[in-house]
Each structure stands twice: as C-alpha cells, then as structure tokens.
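What follows is one structure encoded as structure tokens, with my remarks underneath.
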Amino acid sequence: MFFLILIVLAYGADRFTAKQDARLAMGEEDDTPVIEYSAYQIYRDLLTEQKGGAPQDKESVEKREKMKRFLKQTMKTDQIDKVSLEELKKTVEGEGMISRIKYRKQVNNMMTGKRPVVAKYEKMKLEHAHADLLDENVKNESFGFQCLHYSVSESSGKLTIAVVNKTKKAGAVRACTVDGDAKANEDYKPFDGVLEFANGEETKTFDVGIFDDDSWEPDEDFFCQLFDPNSNEELVGQDTKTRVTIIDDDKPGQICFQNTKGIKVAPTEEQLEIKVIRKNGSDGRLTVEYETV
C-alpha cells in the first residue's frame, strides 16, 4: 500500500508537464524562448570562449552565437560571467522541472528509507501519505486528517495541518498534539483546540510551531490526534491520527586527527602535540573521549 501511495504521488507530480505538452500540441502559443542545450553546456562553452580556449570551427562558433542570443533574450546580457548558473537553469529547464527533480529525489529517499537531505535554515515541508488512499471502512465517518504523515525541517517555523469535515455539516472536533520523541515546548509548540465547522465547510487548518536550535539530534516525531470535543474520547479510524517528523538541519561535523599518516617524534622529546580537527560542519557543541593504546 505504501509503495502504491508513492507511485501515485510521483504520478501527480508529472501531470503539470503532461498538461503543458497537451496545451502546446493543441496549438496554443508559448512565447518563452527555448534552446536545445542544457544550462551546463551553455555555461561551459561560453566560459571557455571567454578564456580564449574555445574551438573556432564554423559549427562551434554558430553554436556559441545561438547560446549568446538566447542569453540576450532571456537574461538581458550575452556575458556569461554576469549570469548565475542557478538562474540559467531555471530559465532553460523551467521552475517546474527543477521542482519535479527535487520532489522525485525526496520520493526516492522515502522509497529507499533515506532521510531527506536538508540544508541549514532550509524550509522544507513534505506530505507523505494522504488519507484519501485509505479504504473507507477504516476511516472515521465524520472527521479525519487530510495527510497522515508530514515531514518538516526545524527551520520551517511552523507546520499547517488540515482536518476534513466529511459530512460538510455544522460540527466540531478537538485536535491535540501528542508527544513522541519530539517534546512539547522543546521541539514544537503544543496545540490543543476545538475546530468548529460551519454548515457546508469541508476543511479547516491549524498551525503547530516548530522550534529550531543549533544542536544536532536525531529526527524526531510527534503526533496530532482528533477527539470528541464533548467526551474528550479519541475518535476511531486510521485517519484520526497524523504523524509529524521534524527533520534536523544541523551538521555537527566529524572529529578526526589532522595527521592520519603517523607522526615521528625524537626519543628526547618530552611531549607530543597531536591536533584533532572538526570538519564537514560545526553546528553545536561536541565532545570526544580519547586514550593512548
């Protein structure tokens, strides 16, 4: 079932491209300039030309002239050193393509059990499992969460969670956060409130604050549960509880010896200085034990 959910999510991510292709096939115009070369090819060839090392045969010269015309049209300059590679990639490949590539990497991580790669201060929010893929007989008949598992980077500040009123009738449901590995007031701001739906209102949302720090820690979970607002009993059904995973974005780095090839010391020396370094990140405080053997 989980594999099927991932396939459906990946399929949905590709629909944008299909719609765009269909629009063009029907003859609708798109005035965005296009070019058959990748952003990396354009960058490489024009930088090589600037440095005086580009081939001067007719085909290569015409190719670079075409690249320059494309830059002039889209970036308002034909000087490649004045253009950001990231901006050029967005122009050549489109925002949608870049977003889909990033999304597919995240889906692949989910399928292989790898954690999402999150840069320091990156705001990332992902929805992994949607309740509408569950069988109706295992869901609550009145209320339920729209998504059953979220991931959020600790730098995101907050996470918005959606609750569905399936009958679309006036009513109320209580939503409450529940500790897991993540602890209230340490890793997230707890929420406990009653969501009141008007007649015809299908969806309401609430925000849970996410706290950031500079100390490395494993990814941690907390949960949100739906309750009857009158009896305070948990609602039954597999869509009445959602899991939230807080992704740590701190990189503590690695502790290692500066010299890994061995140190020579004269027998007359009374002391030896051995340097220990921290590399590939320096977030938070680290301690390390050591001994001679």
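Could you run through the stretch 151-206 and say how many residues are over 25 Å from the mean Cα position of the chain (by Cα) and among the β-branched types (Val, Ile, Thr)?
Here the count works out to 3.
So which of THR112, THR177 is farther than 15 Å from ASP248 by Cβ and either modelled with pLDDT under 95 or loosely packed, with under 14 Cβ neighbours inside 10 Å (or both)?
THR112
Got at least one residue in the stretch 193-211 being at pLDDT below 90 and either farther than 30 Å from THR167 by Cα or not hydroxyl-bearing (Ser, Thr, Tyr) (or both)?
no
What is the residue count in the stretch 142-170 for residues that are within 22 Å of ASN232 (Cα to Cα), touching a Leu at 6+ places or on another chain (Cβ under 9 Å), of a type in the set (Gly, Ala, Ser) and part of a strand (DSSP E or B)?
Counting residues in the stretch 142-170 that are within 22 Å of ASN232 (Cα to Cα), touching a Leu at 6+ places or on another chain (Cβ under 9 Å), of a type in the set (Gly, Ala, Ser) and part of a strand (DSSP E or B) gives 1.
Give the residue, chosen from MET26, MET1, MET75, that is modelled with pLDDT of 80 or more and either farther than 30 Å from LEU133 by Cβ or not polar (S, T, N, Q) (or both).
The conditions single out MET75.
Can you report the number of residues in the stretch 212-233 which are part of a loop (DSSP other than H, G, I, E, B) and either exposed (fewer than 15 other Cβ atoms within 10 Å of the Cβ) or touching a residue at least 40 places away in the same chain (Cβ under 8 Å) (or both)?
So the answer is 13.
Which numbered condition trips up PHE222, out of (1) in contact with a Gly (Cβ under 6 Å, 6 or more places away or on another chain); (2) over 26 Å from ALA175 (Cβ atoms)?
(2)
The values are calculated or read from the model by the stated rules, or taken from the named source; none is laboratory data. Worth saying up front: this structure is predicted, and the values here are computed from it rather than measured. Positions of Cβ are backbone-derived with ideal geometry, glycine not excepted, and every protein chain shown enters the neighbour counts.
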